[in-house]
Amino acid sequence: MTESRALNAAKRLREGELIAYPTEAVWGIGCDPFNRDAVYRLLRLKQRPVNKGLLLVAAGMEQIGKLLTQLTVDQIAVLRETWPGHVTWLVPDPARLYPEWIRGKHPAVAIRVSDHPVVRELCMAFGEPIVSTSANLAGEPEFRSLDDVKRQFGDVIGCLIEGELGEHDKPSEIRDLVTGERIR
């Protein structure tokens with residue numbers, strides 16, 4: 001992805017638009033996690049209840065530095081072992097740095113430091129993590145082609161970013177940082 005395309009996508013995110021982009025395994029839809037209207041538009045689009053929460057992706061741990069200040073040295077070491085990578089962690093958010101429309105009914109934030117080059121460029125251009133949810137209706141199979149994304153969501157996505165999916169065949173593993181339990 002060119003720098004100008006990443007900057008354009010970041011601009012669209014700041015304007016409250018939804019974007020679609022390739023991730024490690026499936027096509028994703030994202031928005032600014034602090035833009036309530038954009039998040040609720042995305043939730044309506046996917047037919048996903050707000051109480052389930054949403055996943056965020058970041059370019060690096062520095063983008064979520066405030067969230068990490070509440071963690072133990074051992075917890076940070078666990079994150080460093082898997083990031084950047086294909087593991088999403090439920091990271092405690094006792095200070096409620098992220099709004100309820102991101103956390104859902106949970107006391108934690110689902111976040112991943114991605115190793116996918118397009119996702120990393122998007123997050124770097126935006127300057128902070130973005131919402132990243134699979135481009136499909138809730139409970140339906142994830143999309144693995146840009147044509148499927150265009151067919152289902154093309155008229156409501158402000159920016160479609162072309163690119164290749166990563167090497168994984170399933171969405172990221174989700175684990176609880178406090179218990180170590182595998183959620184997905």
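The values are calculated or read from the model by the stated rules, or taken from the named source; none is laboratory data. Computed from a prediction, not measured in an experiment: that's the story for all the values here. Neighbour counts are summed over all protein chains in view; Cβ atoms, including those assigned to glycine, are modelled from backbone coordinates with ideal geometry.
Some observations on this one:
- If you go through region 150-184 and keep only what is part of a loop (DSSP other than H, G, I, E, B) and of a type in the set (A, V, I, L, M), you end up with Val156, Ile157, Ile161, Leu165, Leu177, Val178, Ile183.
- Residue count for region 122-134, restricted to those that are touching a Ser or Thr at 6+ places or on another chain (Cβ under 8 Å) and either assigned to a loop (DSSP other than H, G, I, E, B) or surrounded by fewer than 16 Cβ atoms within 10 Å (Cβ to Cβ) (or both): 1.
- Asp155 vs. criteria out of contact with any Phe, Trp or Tyr (no Cβ under 8 Å at 6 or more places or on another chain), more than 18 Å from Leu122 (Cβ to Cβ), surrounded by fewer than 18 Cβ atoms within 10 Å (Cβ to Cβ) and not aliphatic (A, V, I, L, M): yes
- Within region 2-13, considering residues that are of a type outside the set (Gly, Ala, Ser) and either over 16 Å from Ile157 (Cβ atoms) or buried (at least 22 other Cβ atoms within 10 Å of the Cβ) (or both), the one modelled with the highest pLDDT: Leu13
- Qualifying residue in region 135-149 (condition: part of a loop (DSSP other than H, G, I, E, B), polar (S, T, N, Q) and either over 19 Å from Leu54 (Cβ atoms) or touching a Pro at 6+ places or on another chain (Cβ under 9 Å) (or both)): yes
- Residues located in region 99-121, provided they are closer than 18 Å to Leu42 by Cα, surrounded by 19 or more Cβ atoms within 10 Å (Cβ to Cβ) and touching a helix residue (DSSP H, G or I) at 6+ places or on another chain (Cβ under 8 Å): Trp101, Ile102, Val109, Ile111
- Each residue in region 86-121 was checked for being of a type outside the set (Lys, Arg), more than 21 Å from Ala20 (Cβ to Cβ) and in a loop (DSSP other than H, G, I, E, B), and 9 of them qualify.
- Taking each residue of region 125-138 that is at pLDDT 95 or above and looking for partners that are small (Gly, Ala, Ser) and assigned to a helix (DSSP H, G or I) with beta-carbon atoms closer than 7 Å, six or more apart or interchain, yields Ala125/Ala6; Ala125/Ala9; Ala125/Ala10; Phe126/Ala10.
Let's see how each residue does on (1) closer than 20 Å to Leu165 by Cα; (2) of a type in the set (S, T, N, Q); (3) in a loop (DSSP other than H, G, I, E, B); (4) in contact (Cβ under 8 Å) with a residue 60 or more places away in the chain:
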{"position": "Asn8", "(1), (2), (3), (4)": "no, yes, no, yes"}
{"position": "Arg12", "(1), (2), (3), (4)": "no, no, no, yes"}
{"position": "Tyr21", "(1), (2), (3), (4)": "yes, no, no, yes"}
{"position": "Leu42", "(1), (2), (3), (4)": "no, no, no, yes"}
{"position": "Leu45", "(1), (2), (3), (4)": "no, no, no, yes"}
{"position": "Leu56", "(1), (2), (3), (4)": "yes, no, no, yes"}
